[in-house]
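K.L.:
After the structure tokens below, expect a handful of questions from me.
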Amino acid sequence: MSNVREGFDAIGIVVDWIDACKQGRLDDLLDLYDEAATVECCEGGRFQGRAAMKWYWGQRLAASAAEAFGIDALMPEGDGVSLDYRGYDGKRMRTHFRFTDAGKIRLTACVPIREAV
């Protein structure tokens, strides 16, 4: 999804996000977020602002499994992008990304993907 109207490439930002996660580049990851952004994590926690996100992401990047942050699917949505990927622990996750008009991430909300039985 290219948001030409607002002048940013939402898909490109999500790809940069996953690359920063995969390479453990915490500062680069945080720079993709708006200063007042919110991370809603799968475990039910909510982290808002740079300091809280730094704590949240720092722990996850430090504990990343070898198979973490592999992309399974990247899907444009009407109001953002959804990413199916392997979370820091290697489990399948879906994260919904929402953006500011300036092209910064304002919200990431993750949900686990349940495997079919």
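K.L.:
Loop sites only, by DSSP: take the trypsin sites (Lys or Arg not before Pro) in the chain that have at most 10 other C-beta atoms within 10 Å and name the longest stretch containing none of them.
P.N.:
Segment 6-113 is the longest.
K.L.:
If amide H atoms are built 1.01 Å from N in the plane of the peptide, which residues on other chains or at least 5 residues away come under 5 Å of the amide H of ASP89?
P.N.:
Those qualifying (amide H under 5 Å, at least 5 residues apart or on another chain) are ALA65.
K.L.:
For the range 42-53, what does the Karplus curve 6.51 cos²θ - 1.76 cosθ + 1.60, with θ = phi - 60°, yield as ³J(HN,Hα) per residue in whole Hz, taken in order and with x for Gly and Pro?
P.N.:
Per-residue couplings from phi come out as 5, 7, x, x, 9, 10, 10, x, 4, 4, 5, 5 Hz.
K.L.:
For a quick check: with amide H placed at 1.01 Å from N, whose amide H comes under 5 Å from CYS42's, ignoring anything fewer than 5 positions away on the same chain?
P.N.:
Here the answer is CYS110, since their amide H atoms fall under 5 Å of that of CYS42.
K.L.:
Just to confirm the filter: which GluC sites (Glu not before Pro) across the range 31-61 are DSSP coil and have at most 11 other Cβ within 10 angstrom of their Cβ?
P.N.:
Of the GluC sites (Glu not before Pro), the ones in loops of the range 31-61 whose Cβ has at most 11 other Cβ atoms within 10 Å are GLU43.
K.L.:
Can you tell me the alpha carbon radius of gyration of the chain divided by the globular rule-of-thumb value 2.2 N^0.38 Å?
P.N.:
Working: Rg = 13.3 Å, N = 117, 2.2 N^0.38 = 13.4 Å.
Scaled against compact globular proteins, the figure is 0.99.
Values quoted throughout were computed directly from the atomic coordinates according to the rules given, and no laboratory measurement underlies them. Treat the numbers as computed from the prediction; the structure is a model and nothing was measured. Cβ atoms come from the backbone with ideal geometry, glycine included; neighbour counts cover every protein chain shown.
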